[in-house]
1. Which net charge results for the neighbourhood of Ile48, defined as the other residues with beta-carbon distances under 15 angstrom from its beta-carbon, given Lys and Arg at +1 and Asp and Glu at -1?
2. Just report the Cα centroid separation between the stretch 1-15 and the stretch 26-85, whole Å.
3. In nm, give the distance between the simple-model label positions of Ser62 and Phe14, each being 7 Å from the Cα along the Cα-to-Cβ direction.
4. With angles folded into 0 to 90 degrees, how steeply does helix 2-62 sit against the dominant principal axis of the chain? Use alpha carbons for both and round to 10.
5. Please give the helix 64-75 orientation as an angle from the longest Cα principal axis of the chain, in degrees from 0 to 90, rounded to the nearest 10.
6. Given N residues in the chain, what is Rg(Cα) / (2.2 N^0.38 Å)?
Amino acid sequence: MLATLKKAFWFFVFAVVFLILFLPGFGKLQDLRGKNQDLEDKIKRLSIENALLEQEIKKIASDPVYQERMAREKMGVVRKGEIPIKIVPQKQKKNY
């Protein structure tokens with residue numbers, strides 16, 4: 001009976017020492033896995049965005065109609081003889 005208690009005690013001591021040594025490392029490992037997954041998701045998102053931007057670059061380089069539309073929308077370019085009109089929304093009345 002005493003021998004089995006001694007074995008159980010040493011097993012318990014070994015288990016406690018094992019947990020003390022390896023539990024913090026396991027927690028850090030889980031944190032790093034989470035960060036790794038977040039970074040992989042970000043890489044996928046940025047790859048998709050990069051592909052879409054490359055398609056837009058090709059479209060701008062090869063399609064003159066698209067070039068004109070982008071110049072008009074983004075830069076406010078007008079053709080010779082056109083009069084630009086800017087519509088300003090009315091300010092909303094504040095009811096107090």
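1. Working: positive: Lys42, Lys44, Arg45; negative: Glu40, Asp41, Glu49, Glu54, Glu56.
Computed value for this residue: -2.
2. Centre-to-centre (Cα) distance: 64 Å.
3. 6.9 nm
4. 10 degrees
5. It is inclined by approximately 80 degrees.
6. 2.66
Values in this text are rule-based calculations from the coordinates and carry no lab data. Fair warning: this is a prediction, and the values are worked out from it, not measured in the lab. Reconstructed Cβ throughout: ideal geometry from the backbone, glycine too, with neighbour counts over all protein chains shown.
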